[in-house]
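Here's the structure we're looking at; comments come further down.
Just so it is clear, none of the values below were taken in a lab; they were calculated from the coordinates. Keep in mind that what you see is a predicted model, and the values were worked out from it rather than measured. Counting neighbours? That spans all protein chains shown, and the Cβs are built from the backbone with ideal geometry, glycine included.
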Ligand SMILES: NC(=O)c1ccc[n+]([C@@H]2O[C@H](COP(=O)([O-])OP(=O)(O)OC[C@H]3O[C@@H](n4cnc5c(N)ncnc54)[C@H](O)[C@@H]3O)[C@@H](O)[C@H]2O)c1
């Protein structure tokens, strides 16, 4: 099977890191399902991919909704081709110190990151094991190492790392690799939202972050898309169960 005939799914792809990943995989030759909560919000990303000569479809679904996931993946398989690449990128933050964190904010974050990655991966692995080839890339975060105000998010992102390693063990026999990326500060709506929450202008917030980063700048969505492209490439078939920190410097 050639890359040109393969179908990739990118969740949370209407904007930010997911949008950059979708565009990159399309330029790498994949037909890309641009998945996000609101199908119409994916139109710009799909339009940009198509104007660049690629193939993409917008698919609206909530990754934490089991029925929506099965129906959406079936639709992708019928309309674009059976998916063998999955990038679990959809994410939300609901930051607060433990004593102020609501049960609902805990559940929302765990549901989107962990239940979402579980439901999507379980559905896509059926096509991957049949094709005897596949790639799953999960978005973790440096917050997996602990981050004040993010008990829910850091628990979810640490969970994503364990999930990644276990799937790598289970799916390797089907020639499916499973890896994670743990980004540091990437300039997106998510980090802009954090700046608003702490009462800072986004530019000043980014400068403050950059001053703590060894390469002297914050990350951009394309920094992550590049790593996804590597993990998904045929040449990376012997790389599995890994977590790559993409943070402009070392992380423990
Ligand atoms: N930006 C950063 O600094 C950073 C750092 C580390 C990890 N990450 C992770 O990278 C991923 C992308 O982050 P981003 O900065 O591009 O965020 P973003 O907020 O810009 O985009 C996230 C997208 O996910 C979608 N989404 C949310 N819940 C969903 C659901 N239930 N079903 C489907 N789609 C859903 C949103 O609608 C949005 O389009 C997330 O998993 C995030 O946790 C981001």
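At what distance in nm do the modelled label points of residue 67 and residue 108 sit from each other, each positioned 7 Å from its Cα along Cα→Cβ?
2.3
Pairs of alpha-carbon atoms within less than 8 angstrom and 6+ residues apart define the contacts here; what relative contact order does the chain have, in percent?
18
Once you sort the root eigenvalues of the Cα gyration tensor of segment 103-151 as a ≥ b ≥ c, which label holds: rounded (a/c under 1.5), prolate (a/b larger than b/c) or oblate (the other case)? Intermediate values should be presented prior to the final figure.
On the way: a/c = 6.50, a/b = 2.06, b/c = 3.15.
Oblate is the answer for segment 103-151, as a/c is 1.5 or above yet b/c matches or exceeds a/b.
Give me the log10 of I(q) over I(0) for segment 125-204 at q = 0.24 Å⁻¹, as the Debye formula computes it from C-alpha points; what are the numbers?
Listed by q, the Debye log ratios stand at -1.05.
To make sure I understand, if each residue's beta carbon is the centre and we count other beta carbons within 10 Å, what order do 70, 141, 211 fall in, fewest to most?
Going from least to most buried by this count: 211, 70, 141.
Using alpha carbons only, how many degrees (0 to 90, rounded to 10) separate the axis of helix 116-131 from the longest principal axis of the chain?
That helix lies at roughly 30 degrees to the long axis.
From the convex hull of the Cα coordinates of segment 22-165, what is the mean projected area in square nanometres? Numbers along the way, then the final one.
Numbers: hull surface 36.3 nm².
The number I arrive at for segment 22-165 is 9.1 nm².
How tilted is helix 151-171 with respect to the longest principal axis of the chain? Cα atoms for both, answer in degrees (0 to 90, nearest 10).
Once rounded, the angle reads 30 degrees.
If you build the Cα gyration tensor of segment 97-252 and take the root of 5 times each eigenvalue, what three semi-axes come out, in whole angstrom, biggest first?
Details: eigenvalues 173, 78, 29 Å².
Value: 29, 20, 12 Å, ordered largest first.
With no solvent and one equal point scatterer per Cα, compute the Debye intensity ratio I(q)/I(0) for segment 25-69 at 0.17, 0.27 Å⁻¹ and report its log10, rounded to two decimals.
-0.47, -0.88
With angles folded into 0 to 90 degrees, how steeply does helix 66-79 sit against the dominant principal axis of the chain? Use alpha carbons for both and round to 10.
50
Indicate the gyration tensor shape class of segment 144-186 (rounded, prolate or oblate), computed on the Cα atoms with a ≥ b ≥ c the square roots of the eigenvalues: a/c under 1.5 is rounded; otherwise a/b larger than b/c is prolate and the rest oblate.
Judged from the Cα gyration tensor, segment 144-186 comes out prolate (a/c at least 1.5, a/b above b/c).
Classify segment 190-252 from the C-alpha gyration tensor, please: rounded if a/c falls under 1.5, else prolate or oblate depending on whether a/b exceeds b/c.
Because a/c hits 1.5 or more and a/b exceeds b/c, segment 190-252 counts as prolate.
May I have the extent of the alpha carbons of segment 1-90 along their three principal axes, as whole Å values ordered from largest to smallest?
Answer, in whole Å and largest first: 31, 28, 18 Å.
If I stretch the segment between residue 51 and residue 202 completely, what's the gain in nm (0.36 nm per residue apart, minus their alpha carbon distance), one decimal? List each step's numbers first, then the result.
Numbers: separation 151, 0.36 × 151 = 54.36 nm, distance 3.07 nm.
Separation in residues times 0.36 nm, less the Cα-Cα distance, equals 51.3 nm.
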